Protein chains: 2
Amino acid sequence: MPTLRIALAQVNPVVGDLSGNAALIRERTAAAARSGAHLVVFPEMVLTGYPVEDLTFRDAFVTSSQRALAKLAADLDAGGFGELAVVVGYLDADGPARLGDDTTVRRGPRNAQAVLHRGGVAATYFKHHLPNYGVFDEDRYFVPGDTLTVVRLGIGDEQVDVALTICEDIWQPGGPFAVAAAARVGLVLNINGSPYERDKDDARLSLVARRAAEAHATVAYVNMVGGQDELTFDGDSMIVAPSGELLARAQQFTEALLIHDVTLPVAVADAPTGGLGEMAVRRVEVPTAWQTPAGAPQVGGVAERLSDLAEVWGALVLGLRDYVEKNRFKSVVLGLSGGIDSAVVAAIAVDALGGQRVVGVSMPSEFSSGHSRDDAADLAKRSGLDFRTEPIATMVDAFLANMNLAGLAIENLQARVRGVILMALSNQEGHLVLTTGNKSELAVGYSTLYGDSVGGFNPLKDVPKSLVWELARWRNDDAAARDQVPPIPENSIAKPPSAELRPGQLDTDSLPDYAVLDDILLGYVEGDRGRDDLIAAGHDPALVDRVMRMVDLAEYKRRQSAPGTKISFKAFGRDRRLPITNRWRETAA
Amino acid sequence: MPTLRIALAQVNPVVGDLSGNAALIRERTAAAARSGAHLVVFPEMVLTGYPVEDLTFRDAFVTSSQRALAKLAADLDAGGFGELAVVVGYLDADGPARLGDDTTVRRGPRNAQAVLHRGGVAATYFKHHLPNYGVFDEDRYFVPGDTLTVVRLGIGDEQVDVALTICEDIWQPGGPFAVAAAARVGLVLNINGSPYERDKDDARLSLVARRAAEAHATVAYVNMVGGQDELTFDGDSMIVAPSGELLARAQQFTEALLIHDVTLPVAVADAPTGGLGEMAVRRVEVPTAWQTPAGAPQVGGVAERLSDLAEVWGALVLGLRDYVEKNRFKSVVLGLSGGIDSAVVAAIAVDALGGQRVVGVSMPSEFSSGHSRDDAADLAKRSGLDFRTEPIATMVDAFLANMNLAGLAIENLQARVRGVILMALSNQEGHLVLTTGNKSELAVGYSTLYGDSVGGFNPLKDVPKSLVWELARWRNDDAAARDQVPPIPENSIAKPPSAELRPGQLDTDSLPDYAVLDDILLGYVEGDRGRDDLIAAGHDPALVDRVMRMVDLAEYKRRQSAPGTKISFKAFGRDRRLPITNRWRETAA
């Protein structure tokens, strides 16, 4: 049986940066070629970055992608890599990007995959299963493909049949994998833009193993890595044998070139063709000249798995770093209250960017305790960040002297004055403002609109308070185990949480204990569990009602970009779904 | 041929208010019955309100809708209306609301329509064509129906065949209307939640006429009215004959009960059944006892059309009024700069709520011109709103004394101090803060994040600056024509726009002339036109590049709710797509 040396290129593209992404592909192909690889596989839509959202609707962007693909094929050949089969994801179209008035014309954009060989595009495949749930909106953007492409790689006795699939194609039963089995292929490629989700990791391996068994074929799964706005792609690329055995697996949250020799069955002479089940099959010969490599087989290795908390920390650090770098910010600024949330955000920021690119501002009020200032200063010292102090009393007093305010209005005023200070520093010095509210607070509306919610990125937006504490302890323990200084002051972890907006205030004055709150929130928000179900799980009915109401009412607060009456359907915000991090410009340079 | 007296109930439901919406249906049915109607038709999802967004995923909400439907049918019968056929839209499901791990189970939510008769549900229909573009996400929420329901109304010689369809079913060729033609029905009902869109009005009538001709049937089109968050449903219900003749049409932007007698062909004895083209046909007998009414026929009348500007004004006033009322705010507050945008918002608010529910605050700075204060006071006097003055100098100086700020940072500081003042008034007195930035400013990022962008609702969010001026002139002329005081000071309309954040500042220092800017924005944003296309239309290439870049970069600013790294796919904001205006609560009262 022939042995194919496969290189899985787990890379970090940037949305819209077609020339940068093409350069990345050329560079990794060269590295794979130096290691003797025959086939190099890149992630879903690696050439455009992913997800491109409403850029799909711009004809000029589709054309840019198509042209960049043709140029990449030619450049690879010119660089001496024409004999390798290089598999890349890109954006294609065989109809207009968007429907006009004539709805009989079919919309054309395709989530596409190409095999590049000898300076040209030897084969293409269009994604069949389009995800349209959670963070995915692909029914808005793409037309599903209805043909499975099977590429016959090699010449003479060394030919193997390889099926091309994309991401969701592996998550849904039926479709490409079932057809690949019927087509009797030896290898299925599955290229991904599959975002990190807590606890998804094990589901991914067992899924790939199940599909490999169903298809009686080896599966090569390659995923991108890196942050793209709110999504973090974790990599975790792998090769799994038809037996379900894990042959090779890359580390998460880092770029990798996973090179591994796989022994594959020779392509069968009488392989079935035409329509097989729900899809047609298109067979393409790609006569790459290769010989089974001499010497010891190349082994990609199986990377050690990260612990749950290490995974989350890795996602948060990479997500922040790429948001800052890809949007070309030089530095970040955040308020340091001495509490746990801002301490953890500061530690994430320092891990992502280094202390010299992080500005921490203590903004004490008359209600701030002594330990708040001390703990903030202690954190700054441990992290090496740029520490400043801006007391807010004079500014707050200027408002109070001119307006007749009481109670909650005064509490919120303090948070808003802090927001104005951070934004002024951002305007004056160019920092990105980091917000530090955790998911539990945001869920129940325990934050001040235009106050502590001010900022351009929030590392804890999706981290419940209980997990914030766990992460703080894990980070400190991990530092201690490496003989480094634990970055987070023990006092910030241990003290009872308080907003310190009035004397003696504690979070527990307004909120249930965070362990109970988070359990209800997890059920209600993430689990879509109803009231009866939560009560059956042992929660107090009155508390369930209270938390559900807080969550429902807080939805409003999170819509900080004011809604308004539509008179056209192309306003901004939700209508125009564009990546924040995007390097493509249709305009002249 | 039998004559059927149809009542189209153009009503204003509230999302989630199942008992309130049911009461509305009972009340309008009673009114229709008093006029001798045989058939009463309500809009799409009238029982739940529309759109319900992610409430679809809550099993308890689906159950609430199903139970409310059964109770409504029983209540109508108990009220003496059992012999009428009452057609209502609601949320149904024949599978789980959301897929779990077992993706072989089909998701079940349906955008449904029921015919209520004699205390029960006599027939149902599930929407076939699901819109998944622009403001619609129905592929996320619903499973499409594949069976057309044809109801045979009446007994003896007076039987007519009526096909049930929902909204998008009329917008796409093929499907229900084609099948209704093959089924030889006499009447097609099309129930809608069709939002107002500028210039859509004429498209709607010509579409209904085209489908009536294609189906060889009379079409009764009923649409809801009212604001629901950003959408405004304008009504415009109508009845069109197979010839394309418009028989009756309701006024826009107001509730209406359009009652009209239509003469319909007797149901054919050998009407085809079973599968007809792309859908199956389900035939249901609904033996409503009716006789062709004696006396003069009931004529619904054709309402006079509004002018383009009157339509837009109507949408903006209704959108604001319903946002305030449905969210149970007592009053609104806005900053009055003396400029055109805040003057127009104030006039809209006074038209929507009355002057006594509108608070206007002049917040002059050292850079504010004398005419700014005078024009704001003049506006207040004309409108009868609650006028106050809060000079910002002391607050701004308190920041400047403590921080080292210059240039843009000082300009933005002033806008943010104003935002803090408005939010403090909101906290202290309970007003909803109105934002006043127009669509042109928002598009190019000419506004201050957390400054003039502060607020819970923005009537001008989708109104370009050129249209703001047109609306101001139209509103003043309309008042003059009615011998009323024109609400907007002529000086606010005539003077060159300025943010007044530094001495002598004019919008034209930073932006092109608004007429040119709006023309490019209209092409780029609303028309999805590319750079080459805009230049071919006669615009200066450098200006096109500049405006396109401003729009692309300003996308970030509009995302005021900070993004953050996802570690689960159920965070908040965009992930959890819930109506802001929603009365449904799963919790105990």
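The values are calculated or read from the model by the stated rules, or taken from the named source; none is laboratory data. No experiment lies behind these values; they were computed from the predicted model shown. Every residue, glycine among them, receives a Cβ derived from its backbone with ideal geometry; neighbour counts consider all protein chains shown. Accessible surface areas use protein heavy atoms only, side chains included; no ligands, DNA or RNA. Shrake-Rupley method; radii C 1.70, N 1.55, O 1.52, S 1.80 Å.
Quick notes on this structure:
- Residue check for B:ALA93: modelled with pLDDT of 90 or more and in contact with a Gly (Cβ under 6 Å, 6 or more places away or on another chain): yes
- Residue that is of a type outside the set (Val, Ile, Thr), within 11 Å of another protein chain (Cβ to nearest Cβ), surrounded by 24 or more Cβ atoms within 10 Å (Cβ to Cβ) and farther than 27 Å from A:ALA472 by Cα, where the choices are A:MET403, A:MET395: A:MET395
- Restricting attention to region A:496-519, the residues being open to solvent by less than 70 Å² (accessible area, probe 1.4 Å) and under 33 Å from the mean Cα position of the chain (by Cα) number 11.
- A:LEU247 being open to solvent by 10 Å² or more (accessible area, probe 1.4 Å), in a strand (DSSP E or B), among the hydrophobic types (A, V, I, L, M, F, W, C) and away from chain B (no Cβ under 14 Å): yes
- Checking A:SER368, A:SER372 one by one, the residue that is surrounded by fewer than 24 Cβ atoms within 10 Å (Cβ to Cβ) and part of a helix (DSSP H, G or I) is A:SER372 and no other.
- Residue that is surrounded by the most Cβ atoms within 10 Å (Cβ to Cβ), among those in region B:463-492 that are over 28 Å from the mean Cα position of the chain (by Cα) and closer than 14 Å to B:VAL344 by Cα: B:SER492
- Screening the candidates B:ARG282, B:ARG305 for the property of being more than 14 Å from every other protein chain (Cβ to nearest Cβ), charged (D, E, K, R), open to solvent by 10 Å² or more (accessible area, probe 1.4 Å) and touching a strand residue (DSSP E or B) at 6+ places or on another chain (Cβ under 8 Å) yields one hit, B:ARG282.
- Number of the exception - B:VAL350 against (1) touching a helix residue (DSSP H, G or I) at 6+ places or on another chain (Cβ under 6 Å); (2) of a type outside the set (S, T, N, Q); (3) part of a strand (DSSP E or B): (3)
- The set of residues in region B:15-60 that are within 15 Å of the chain's Cα centre (by Cα) and open to solvent by 20 Å² or more (accessible area, probe 1.4 Å) comprises B:PRO51, B:GLU53.
- First in region B:526-538 and hydroxyl-bearing (Ser, Thr, Tyr), second anywhere and surrounded by 15 or more Cβ atoms within 10 Å (Cβ to Cβ) and part of a loop (DSSP other than H, G, I, E, B), Cβ under 6 Å, 6 or more apart: none
- If you go through region A:482-520 and pick out every residue that is farther than 22 Å from A:ALA415 by Cβ and in contact with a Ser or Thr (Cβ under 7 Å, 6 or more places away or on another chain), you end up with 3.
- Number of the condition not met by A:ALA542 [criteria: (1) within 14 Å of chain B (Cβ to nearest Cβ); (2) in a helix (DSSP H, G or I); (3) modelled with pLDDT under 90]: (3)
- Scanning region A:411-437 for residues that are small (Gly, Ala, Ser) and in contact with a strand residue (DSSP E or B) (Cβ under 8 Å, 6 or more places away or on another chain) yields one hit, A:SER426.
- Assessment of region A:391-404 against the conditions (under 33 Å from the mean Cα position of the chain (by Cα) and not in a loop (DSSP other than H, G, I, E, B)) yields no matching residue.
- Selected residue [among the β-branched types (Val, Ile, Thr) and part of a strand (DSSP E or B)] from A:VAL312, A:VAL361: A:VAL361
- Any hit, region B:500-519, residues being in a helix (DSSP H, G or I), within 14 Å of chain A (Cβ to nearest Cβ) and without any contact (Cβ under 8 Å) to a residue 40 or more places away in the chain: no
- From the list B:GLY226, B:GLY235, B:GLY277, the one residue that fits, being within 14 Å of chain A (Cβ to nearest Cβ) and at positive phi, is B:GLY226.
- Of B:ASP397, B:ASP386, all but one fail to be closer than 20 Å to B:ILE348 by Cβ and not hydrophobic (A, V, I, L, M, F, W, C); the exception is B:ASP386.
- Any hit, region A:520-528, residues being facing chain B (nearest Cβ under 10 Å) and open to solvent by 70 Å² or more (accessible area, probe 1.4 Å): yes
- Among residues of region A:189-210 that are under 16 Å from A:PRO176 (Cβ atoms), none has a Cβ under 6 angstrom from a residue that is surrounded by fewer than 17 Cβ atoms within 10 Å (Cβ to Cβ) at a sequence gap of 6+ or on a separate chain.
Let's see how each residue does on (1) modelled with pLDDT of 95 or more; (2) hydrophobic (A, V, I, L, M, F, W, C):
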position	(1), (2)
B:THR3	no, no
B:ALA9	yes, yes
B:ALA32	yes, yes
B:GLU44	yes, no
B:THR48	yes, no
B:ALA78	yes, yes
B:ALA97	no, yes
B:THR104	no, no
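- Taking region A:128-224 and the helices (runs of 4 or more DSSP H) fully enclosed by it, the elements with 2 or more residues that are more than 27 Å from A:GLU285 (Cα to Cα) and open to solvent by less than 20 Å² (accessible area, probe 1.4 Å) are at A:138-141, A:200-215.
- Scope region A:319-341; condition in a helix (DSSP H, G or I) and either in contact with a helix residue (DSSP H, G or I) (Cβ under 8 Å, 6 or more places away or on another chain) or over 21 Å from A:VAL468 (Cβ atoms) (or both); matching residues: A:LEU320, A:ARG321, A:ASP322, A:VAL324, A:GLU325, A:LYS326, A:ILE340, A:ASP341
So that you can scan it fast, the table gives a plain yes or no per residue for (1) at the interface with chain B (Cβ under 10 Å from one of its Cβ atoms); (2) touching a helix residue (DSSP H, G or I) at 6+ places or on another chain (Cβ under 6 Å); (3) without any contact (Cβ under 8 Å) to a residue 12 or more places away in the chain; (4) not in a loop (DSSP other than H, G, I, E, B):
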position	(1), (2), (3), (4)
A:ASN427	yes, yes, yes, yes
A:GLY437	yes, no, no, no
A:SER440	no, yes, no, yes
A:GLY451	yes, yes, no, no
A:VAL454	yes, yes, no, no
A:PRO459	yes, yes, no, no
A:ASP462	yes, yes, no, no
A:SER466	no, yes, no, yes
A:TRP469	no, no, no, yes
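- Unmet requirement for A:ASP378, which otherwise passes all of (1) more than 17 Å from A:ALA424 (Cα to Cα); (2) open to solvent by less than 50 Å² (accessible area, probe 1.4 Å): (2)
- Test: residue in region B:52-65 that is touching a Pro at 6+ places or on another chain (Cβ under 7 Å), hydroxyl-bearing (Ser, Thr, Tyr), touching a residue at least 12 places away in the same chain (Cβ under 8 Å) and assigned by the TED database to the domain that holds B:ASN223: yes
- Within region B:150-177, the set of residues being of a type in the set (A, V, I, L, M) and within 24 Å of B:ASP236 (Cα to Cα) comprises B:VAL162, B:ALA163, B:LEU164, B:ILE166, B:ILE170.
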